[in-house]
Amino acid sequence: MQETTDDFVDNTDPPTFPSTMQEEEEKKLDEPENTPDVEKAVVTPYDAIQASDNNYDAEPRKKSCWSDERGNLKVVNLVVRNPCKIFWLIIALVVALTFVLNIAVFRTAENGNPFTLPGNEFDLMDVRSIQYDSMRLASDKVRGDRVDMGMEGKTTLKQSELEAVQVFEALTPSGLFGDEQSIEGMKDAYDIFLNDPGYEDYCLYNYPRNLSLVTENTTVECTAPLTPLLMYYASYWDPEAVAEVIEELKDPAKIEALNKVGVCANPQVFCPPEIVETFTPEEVFFAFSFGLKVQNITSTWDMKGDLIDNITQATELASYMVLVDVFAGVVDFGFDQTFSVANPASQYSRGILFWGGPYTNRNTS
């Protein structure tokens, strides 16, 4: 029997391709020149359609300062290629601008607030709005007058309604009262007011205690400033009397007696009997006589004379006077807290100029 062969072969295995062809395709995709360009893929279809419709090759786009040769904005390209860097750059700019704004606006504004306070926001015809506008217009008028007078940019002295406080600081270890140059410099600051032709029009007059004695012919002078310079520019200075007072104050027992008796040494001051009984007659007499000596010295402290010759003696007198309670108020206001006999160098000083004001009773003739 002749052996027959099947015309069909049962082969269920899937067709195979050479592995070398698949590897070659993968290598082509991995090559840089075969990597798809997203920007080119977006532009190419438009150019291809334009070329096919008009039967000519698409003209290349012109490169400008805003776009590249493909028509894409350069800013967009920069953001797409560097998203993280652009993000942190924006954050840094926001922080920097906030810091600059704080320096330029908030720190230079009044009370750190560059905006108008709600207290100044009223109706147009409200009396407070009228007063605020009047003050603002007056301020603008004064500023304009200063410009016309050539005073623009110069320091404007500011003071309260009743007084002007001047504060001084020493630039040398010897203090403000250690040399004539420092003392004269402080005096020049007061002379700005005292030598002004109109000073008597706005100073505080020193009227007598008994106003009934004031007549049309009575000469009333301005109140002297409260400053240690009254002592250094006294109209009369007796160095011998000052030296005698200093020598007595060098005795601690006498300082203790003066502080014990205090104001009770003044016969015009009432002191309770139980306190007066604690004093000896000698202590009262010494306190009373010593007070007269000091009064004779301080009575010429009026800032009307020239600078005294012995400024060291005046400073020493002040350092001892601060040890006595009844005399400390005459000098301690113009010296700092470290001023003492052991340290007669005051690094700071202050003084007050007093302004006049309307009478309490304006109907008084």
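Every number in this text was worked out from the coordinates using simple rules, so none of it is lab data. Because the structure is a prediction, the values reported are computed rather than measured. Counting neighbours? That spans all protein chains shown, and the Cβs are built from the backbone with ideal geometry, glycine included.
Legend: translational diffusion of the stretch 252-365 by Stokes-Einstein, Rh = Kirkwood radius over C-alpha pairs, 4 °C, 1.567 mPa s; D = 77 µm²/s.
Among the listed pairs Lys187/Lys304; Lys254/Lys293; Lys250/Lys293; Lys250/Lys304, those with a Cα-Cα distance over 23 Å are Lys250/Lys304. Peptides 77-88, 267-278, 305-316, ordered by how many other C-beta atoms sit within 10 Å of their residues on average, highest first, read 305-316, 77-88, 267-278.
For the stretch 231-311, the relative contact order comes to 63 percent (Cα pairs under 8 Å, sequence separation of at least 6).
When Rg and Dmax are taken over the Cα atoms of the stretch 271-321, they come to 15.9, 47 Å.
Under the classification rounded if a/c is under 1.5, otherwise prolate if a/b is larger than b/c and oblate if not, where does the stretch 180-260 fall, given a ≥ b ≥ c as square roots of the Cα gyration tensor eigenvalues? Verdict is oblate for the stretch 180-260.
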